[in-house]
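The values are calculated or read from the model by the stated rules, or taken from the named source; none is laboratory data. Owing to the predicted nature of the structure, the values given are computational and were not obtained by experimental measurement. Glycine gets a Cβ as well: all are built from the backbone with ideal geometry, and neighbour counts include every protein chain shown.
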Amino acid sequence: MPFSRTRLMACTAALTAALVLAPAPAGAFEQGDYHAGLYTAPGQLFTVKSPLGPESYLVDGFDRSAGAVTFLDDAGALFGVICTPSYDVLAGANNDFETDAAILRNWFRQATFPHFFEKQIPGAWIVSDAPGEFEGKPAWIAVIYLPQGSATIRNDPETGYPTRLDSWRGLVVFSRGEHTYLIMTETPPAPDGNSFLVNLSEFYRGFTFTEPESVTPRVRIAGVKNAGTDD
């Protein structure tokens, strides 16, 4: 299933801040609205309730209709969303299961994992991935490993300096409308099957999806802020 690599590069340029859990440079990204535990993406592309409660933290980075958002708390829990316009013209069409699975696989393996995860965290790798169903629709389901990619920081026993722990993330890829989404959460190093899907299903049920006719570019500063604040 071919997709536009020019479009791919333009979209994935928007995604790096939420992966490394650090604020983006001023003016680099748009920022959605986060109030009382409800996040609204730029252009009202989607809304989602924080799965960690209204006092969770948010890392937010968007560029028009592509972006990434991460919810996290002081205990190291993490839920994330990545979305881009679909790269394949058949995405979201009335396809058979095998075609939909191949489209989602290509979006994940050929585009999002190498250009978003692997590029930003050398040594990242796909532990497992396979087609499946999620909330009654075709999906691509995977576990990935991100060295020092956790939201949890501990002191290194040898150096005494703080360092991020490694991260294993369970994730699901799916298409809605003209966009493709990846939602993810932390999972144990040796997950019991796809047990993380229970948590991702609860996360997913907090979403609403819309497809606006156009997304007006806006430039704001992206960073970390606490829920319940207006600045």
Hits in the range 70-106 - residues which are in contact with a Phe, Trp or Tyr (Cβ under 6 Å, 6 or more places away or on another chain) and within 30 Å of Gly37 (Cα to Cα): Phe71, Leu72, Phe79, Cys83, Leu104
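Which residues, counting only those in the range 77-115, are farther than 19 Å from Phe62 by Cβ, of a type outside the set (Asp, Glu) and assigned to a loop (DSSP other than H, G, I, E, B)?
Of everything in the range 77-115, those that are farther than 19 Å from Phe62 by Cβ, of a type outside the set (Asp, Glu) and assigned to a loop (DSSP other than H, G, I, E, B) turn out to be Ala77, Val89, Leu90, Ala91, Gly92, Ala93, Asn94, Asn95.
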Among (1) modelled with pLDDT of 95 or more; (2) within 24 Å of Ala66 (Cβ to Cβ); (3) over 15 Å from the mean Cα position of the chain (by Cα), the one test that Leu171 misses: (3)
Odd one out for Thr99 among (1) of a type outside the set (A, V, I, L, M); (2) within 14 Å of the chain's Cα centre (by Cα); (3) at pLDDT 95 or above: (2)
Matching entry among Gly53, Gly76, Gly43 (being among the small types (Gly, Ala, Ser) and under 22 Å from Ala111 (Cβ atoms)): Gly43
Matching entry among Glu158, Glu118, Glu133 (being charged (D, E, K, R) and assigned to a helix (DSSP H, G or I)): Glu118
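One line per residue, one yes/no per condition, for (1) of a type in the set (A, V, I, L, M); (2) over 21 Å from Asn199 (Cα atoms); (3) at pLDDT below 90; (4) over 16 Å from the mean Cα position of the chain (by Cα):
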{"position": "Phe3", "(1), (2), (3), (4)": "no, yes, yes, yes"}
{"position": "Cys11", "(1), (2), (3), (4)": "no, yes, yes, no"}
{"position": "Ala22", "(1), (2), (3), (4)": "yes, yes, yes, no"}
{"position": "Gly37", "(1), (2), (3), (4)": "no, no, no, yes"}
{"position": "Leu45", "(1), (2), (3), (4)": "yes, yes, no, no"}
{"position": "Leu58", "(1), (2), (3), (4)": "yes, no, no, no"}
Ala111 vs. criteria surrounded by 17 or more Cβ atoms within 10 Å (Cβ to Cβ), closer than 25 Å to Pro147 by Cβ and modelled with pLDDT under 95: yes
